[in-house]
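As C-alpha cells, the structure follows; a few thoughts come after it.
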C-alpha cells in the first residue's frame, strides 16, 4: 500500500544533499521517459507481426490470377444438365482448408439455357445470404429468410434484395461444366469477377427492372 | 483453562491476522461491503444489477464446464454438441443452463438498464457508470451472438452468412471486412475459431473488466438514492446531499440492503435451473452443411427483432439504415448522461423518458413477435402440403377446379393463404374476387407488381384462364364481386346508345 512506502525524495537512506537529490530525481525521470520511448519502439516493432497476423485473412492470395480468390471447379459432364432445366449441384470448395468439415461443401444452381449457354447461380440470396430454393413450376427462386424472389434468369423478382442472384463464371471444356469459385458470395465479394467492374452496391427498384425484361406474358 | 471454543476462536484469529497482514484485502472488502447506503434504496427495484453479475458468474462456470467437452472445430463442433446432449452425463443440463442463462442475462441486463433510466440514476455523478453499462449491454449481446455461432448448426452457419452479408454492405472496405469476419474467403473452420476466440477469451475478458469497473464506480459513488419528484440533481450540491442522506438514513449495505439482492439472485438462478430442466438445451439444429438448403434460418430470440426489421426495410434505404442507425442508437445511449446529467430524476417528472421506454419496448416486442412467425417468408411446402379447402371446390365448374389445381401447382399458396392456411407474404385470396375485377386479377398475375413477381413466363394462356376462373369464385362470405367503376361509365357513354335514337337502317344492320 502506498502509505507504507516513503516518497523517493524523503528516503532516509539517501545521504545526498537536497540539490543532489533533485539532480538524481531529474536524471531518473529522464531515464524513465527514455525507457517509455524504448518500450514504444519495441511495442511498435511487435505490433507489425501481430497486426499482420490479424489482417492476414484480408490479404488476398490470388491463385486464380485476375479472377481473384479461388480456382476452377468441375461440376460434371454437361450431359448431366438437360436444356431448359435448373438443377442443384454440390461441389467441394477449392479453398477448403484444415478443419472445415462439412462447411467446405458448396451448392449452386445450374441453369442450362441452350446447348452451349449456362447460368450458374450462387445459392446465397443477394439480400443477406440465405439459401434460395428453385421452384420449377413458378420459375422462381425463393428465399426462406425475408422472402426475396428471383426469376429463372436470376434477376430480381420481388422482396428485399436490391439486385439479382450472384453468378459464377463458367466455361465448358471437354464436355465438362467448370465454374470459378472460392469465396462466399456477398455484395462486396461476388462470385463472378465480371461483376467487379460494376459498382459494389446496385440499387434497382423492382419497377425499374420490369420494363427491361421482354414483356413476359407475350413471350 | 480456556474452553475448546475459545481456543478455536483464538486460533482462527491468528490465521486471519496472518493472512490479512499479508493479503491486505479482507478488511477493505468488508468495509466496502458494509458501507452505509440510504435506507430508501434497500428496495426490490435495486436488485437487477447484482442479479446480472450473478448470472455472469453462472455463465462463466457453465461455459468452463462446456469447454471441457466442446470442440471448436468446424469439423467436430456440431457432433461434440450432440455428444454433450446424449453421451455425457448431464451434458444436456449444463448446455441448457448456459443457453437459458444467456437469455435470462440479456433480459435482466435490459431490465436493469430500464430501471436505471427511469430512476434517472445515470445522472451526475454516475455518468461513466452508465456509459460502461452501455458497453456491458453491447458485450452481453456480443456474447449472445457469438454464443449462437458456437452452437454450430444450420442457423449458426446461415446466421454467420447474414453477418458477412451485412459486413459486405460497408462501403469501400466491404470485401476485406467480409474476409476479416470469416477469417478467410469462405465460411468454415477459421470462422468458427475466431468466433470461439471472441466468445471465450476476448469478450469475457472485456466483460469482466468492465463489470469490475462498473461495480467499483457503484461503490465509489454509492448506490443512487431513491428518486423523489422535485429533488433535482445539481452538480454543485448533489454529492453533499447524498452524503447527508447516507449519514442520516444510512444502513449497512451488507446485510441490511443486500439480503434482497441475495434473495432475488437465488430466485433467478433457481428459475434458470427450472427452465433449463423443463425445456432443455437449445439444439443443435441441423448440421452446418451448406448444401442442405431445406432450411429456414432464424436467429436466437434476442435478435429476432433485427431479423424482422431487415424484412421490412425497402431495398433502396436498407444499406444506409443497416449501417447508420446502430451507430446513432449506440451514440445516443452513450451521450445520454453527458447531455442530461442534471435535473429531475423521478419518472413522473420525465414524461419523454417514460414515452421512449414504452415506444422502444412495444416496438421491440412487436418485431420480436413478427420474427417468431415470419409472415414475410414464403412457406416453401405450402403448395404440396396445404390442399385447397374443400368448400372452395364445391359446386365449381371443371374449369374452375382446374384453376384450383393451377393455383396449387404454380406455388401460389407459398405466399397466399386460403382459409388461413398457406403463406402470408401476399394477401389472403379468400375474397380476392371482391377486391379485384377479372381484368385486374389477370394483370396482377401476369405482370406482378407490388411485392408479387410476374407469372407471365410461368403460365400459358389456358392455365391463366383456368386460374382466373377459379379466383373469380373466391368472393368471401356474402361479398359482391369487385366491379370496375369506370366500366359502367364507358358503357353508358359509348356502347349503350338508346335504341330509339338509332335510325332504323342502322338498327337493321346490327
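The values are calculated or read from the model by the stated rules, or taken from the named source; none is laboratory data. Because the structure is predicted, anything quoted here is derived from the model rather than measured. Here the Cβ is made from the backbone with ideal geometry for all residues, glycine too, and neighbour counts use every protein chain on show.
For residue B:128, are the conditions met, namely being more than 8 Å from chain A (Cβ to nearest Cβ), surrounded by fewer than 20 Cβ atoms within 10 Å (Cβ to Cβ) and either under 17 Å from the mean Cα position of the chain (by Cα) or part of a helix (DSSP H, G or I) (or both)?
Yes; evaluated as a whole, the condition is true for this residue.
Quick one: is residue A:102 surrounded by fewer than 24 Cβ atoms within 10 Å (Cβ to Cβ) and either in contact (Cβ under 8 Å) with a residue 24 or more places away in the chain or closer than 30 Å to residue B:463 by Cα (or both)?
no
If a residue must be away from chain B (no Cβ under 14 Å) and within 26 Å of residue B:457 (Cβ to Cβ), how many such residues does segment A:155-171 contain?
Number of matching residues: 3.
If residue B:82 satisfies all but one of (1) buried (at least 17 other Cβ atoms within 10 Å of the Cβ); (2) modelled with pLDDT of 95 or more, what's the number of the condition it fails?
(1)
Take residue B:192 and decide whether it is farther than 22 Å from residue B:299 by Cα and either away from chain A (no Cβ under 13 Å) or buried (at least 17 other Cβ atoms within 10 Å of the Cβ) (or both). Show your work before the answer.
Numbers: farther than 22 Å from residue B:299 by Cα: no; either away from chain A (no Cβ under 13 Å) or buried (at least 17 other Cβ atoms within 10 Å of the Cβ) (or both): yes.
For residue B:192, the condition - farther than 22 Å from residue B:299 by Cα and either away from chain A (no Cβ under 13 Å) or buried (at least 17 other Cβ atoms within 10 Å of the Cβ) (or both) - is not met.
Quick check on segment B:303-334: of everything there that is surrounded by 13 or more Cβ atoms within 10 Å (Cβ to Cβ) and within 27 Å of residue B:125 (Cβ to Cβ), which residue is nearest to the other protein chains (Cβ to nearest Cβ)?
Per the criteria, the residue is B:330.
Determine whether residue B:213 is surrounded by fewer than 17 Cβ atoms within 10 Å (Cβ to Cβ), modelled with pLDDT of 95 or more and over 25 Å from residue B:70 (Cβ atoms).
yes
Would you check which residues across segment B:362-373 are under 19 Å from residue B:112 (Cβ atoms) and without any contact (Cβ under 8 Å) to a residue 24 or more places away in the chain and list them?
Hit for segment B:362-373 is B:365, nothing else.
If I ask for residues that are within 12 Å of chain B (Cβ to nearest Cβ) and in contact with a helix residue (DSSP H, G or I) (Cβ under 9 Å, 6 or more places away or on another chain), which ones from segment A:172-184 would you list?
A:182, A:183, A:184
Against the definition (in contact with a helix residue (DSSP H, G or I) (Cβ under 8 Å, 6 or more places away or on another chain), within 30 Å of residue B:337 (Cβ to Cβ), crowded, with 22+ Cβ neighbours inside 10 Å and more than 9 Å from chain A (Cβ to nearest Cβ)), how does residue B:133 come out, yes or no?
yes
Please specify each residue of segment B:136-155 satisfying the condition of being assigned to a helix (DSSP H, G or I), more than 11 Å from chain A (Cβ to nearest Cβ) and closer than 23 Å to residue B:283 by Cα.
Across segment B:136-155, the qualifying residues are B:140, B:141, B:142, B:143, B:144, B:145, B:146, B:147, B:148, B:149, B:150.
Kindly provide the set of residues from segment B:365-398 that are over 34 Å from the mean Cα position of the chain (by Cα), part of a helix (DSSP H, G or I) and surrounded by 15 or more Cβ atoms within 10 Å (Cβ to Cβ), ordered by number.
To start, the set of residues in segment B:365-398 that are over 34 Å from the mean Cα position of the chain (by Cα) comprises B:388-398.
Filter again for part of a helix (DSSP H, G or I), leaving B:390-392, B:398.
Result: B:392, single match.
Here's a check for you: in segment B:379-395, which residue that is in contact (Cβ under 8 Å) with a residue 40 or more places away in the chain and farther than 16 Å from residue B:477 by Cα is nearest to the other protein chains (Cβ to nearest Cβ)?
B:380
Using the structure shown, decide if residue A:211 is assigned by TED's automatic domain parsing to the domain that holds residue A:117, at pLDDT below 90 and more than 20 Å from residue A:87 (Cβ to Cβ).
yes
Please indicate, with yes or no, whether at least one residue in segment B:43-55 is closer than 30 Å to residue B:117 by Cβ, in contact with a strand residue (DSSP E or B) (Cβ under 7 Å, 6 or more places away or on another chain) and in a helix (DSSP H, G or I).
no
Any idea which residue in segment A:66-87 is farthest from the other protein chains (Cβ to nearest Cβ), counting only those that are under 20 Å from the mean Cα position of the chain (by Cα) and assigned to a loop (DSSP other than H, G, I, E, B)?
Residue satisfying both the conditions and the ranking: A:68.
Can you name the residue in segment B:427-451 that is at pLDDT 90 or above and within 28 Å of the chain's Cα centre (by Cα) and, of all such residues, is nearest to residue A:141 (Cα to Cα)?
B:427
Mind listing whichever residues of segment B:56-70 are surrounded by fewer than 19 Cβ atoms within 10 Å (Cβ to Cβ) and outside any helix (DSSP H, G or I)?
Residues satisfying the conditions are B:68, B:69.
Counting only residues that are surrounded by 18 or more Cβ atoms within 10 Å (Cβ to Cβ) and under 26 Å from residue B:370 (Cβ atoms), how many does segment B:405-427 have?
The qualifying residues number 13.
Considering only residues that are more than 27 Å from residue B:77 (Cα to Cα) and loosely packed, with under 14 Cβ neighbours inside 10 Å, which ones fall in segment A:64-99?
If the condition is that a residue be more than 27 Å from residue B:77 (Cα to Cα) and loosely packed, with under 14 Cβ neighbours inside 10 Å, then A:65, A:66, A:74, A:77, A:79, A:80, A:82, A:83, A:84, A:85 are the ones that fit.
For the subset of segment B:156-170 comprising residues that are without any contact (Cβ under 8 Å) to a residue 24 or more places away in the chain and facing chain A (nearest Cβ under 8 Å), which member is farthest from residue A:56 (Cα to Cα)?
Checked segment B:156-170; the qualifying residue farthest from residue A:56 (Cα to Cα) is B:165.
Is there any pair linking a residue in segment B:326-347 that is in a helix (DSSP H, G or I) to one that is surrounded by 13 or more Cβ atoms within 10 Å (Cβ to Cβ), with Cβ under 6 Å and at least six apart or on different chains, and which?
Within 6 Å, the pairs are B:333/B:134; B:334/B:131; B:334/B:134; B:337/B:122; B:337/B:127; B:337/B:130; B:347/B:118; B:347/B:354.
State whether one or more residues within segment B:272-283 are crowded, with 17+ Cβ neighbours inside 10 Å, modelled with pLDDT under 90 and out of contact with any strand residue (DSSP E or B) (no Cβ under 8 Å at 6 or more places or on another chain).
For segment B:272-283, residues crowded, with 17+ Cβ neighbours inside 10 Å, modelled with pLDDT under 90 and out of contact with any strand residue (DSSP E or B) (no Cβ under 8 Å at 6 or more places or on another chain): present.
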